[in-house]
Amino acid sequence: MKSVLKTSAITIGVLALLVAGGYYFLAQGSAKGGDITKVAEEIAKSDNKEVAADKDDEKVDSADLKMSEGELQVYMHQMTHQKITASEKKGAVEMTPEHIDGLLTIVNAYADQYEHSDFYLATLTKWKEGNFSNAVDVHNTIWDWHKGTVGRATGFMTPEQEQDFVERKFK
């Protein structure tokens with residue numbers, strides 16, 4: 001009888017751990033997906049239409065680049081997670097030249113509609129040049145705008161930490 005109870009308790013414990021682990025991984029996946037997936041699709045659409053190149057000095061059709069200021073902030077915030085240290089990070093978007101160029105295109109299209117367009121343009125221009133020295137400030141500024149309570153950036157990752165982060169999150 002004791003062995004049946006012991007086996008049952010172990011089985012229930014293992015099932016509880018599997019359920020909790022599954023929930024955690026689903027929650028992490030939705031943090032990366034959700035709004036960010038929609039934003040990434042819009043960036044991909046804009047790249048496919050070559051609006052970033054703006055070769056003929058044509059006006060960018062902002063109807064093709066639908067992104068709210070809040071979505072832009074979340075996207076930029078999650079990009080900083082690749083560079084910064086914090087007690088907690090929710091979501092991650094790889095900081096690639098394509099993402100930076102796509103965001104620059106969108107910010108330029110909506111500059112007159114975004115309250116903080118100067119901040120975004122200055123940030124993304126530095127990132128495009130390979131200068132990420134503002135990542136902690138950018139993270140914490142957006143974190144403050146969204147009334148963050150957990151996960152304030154405290155510094156920069158070492159190159160080794162960043163490489164590990166990239167491999168775990170994006171490869």
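The values are calculated or read from the model by the stated rules, or taken from the named source; none is laboratory data. This is a predicted model, so every value here is computed, not measured. Counting neighbours? That spans all protein chains shown, and the Cβs are built from the backbone with ideal geometry, glycine included.
Computed values, structure above
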item	result
Qualifying helices (runs of 4 or more DSSP H) (wholly inside the stretch 59-171; at least 3 residues being of a type in the set (A, V, I, L, M, F, W, C) and out of contact with any helix residue (DSSP H, G or I) (no Cβ under 8 Å at 6 or more places or on another chain))	159-170
Search result, residues across the stretch 81-134 that are of a type in the set (D, E, K, R), farther than 27 Å from Val150 by Cα and either surrounded by fewer than 16 Cβ atoms within 10 Å (Cβ to Cβ) or not assigned by TED's automatic domain parsing to the domain that holds Ala153 (or both)	Glu98, Asp112, Lys128, Glu129
Only listed residue being acidic (Asp, Glu) and within 18 Å of the chain's Cα centre (by Cα), chosen from Glu115, Glu94	Glu94
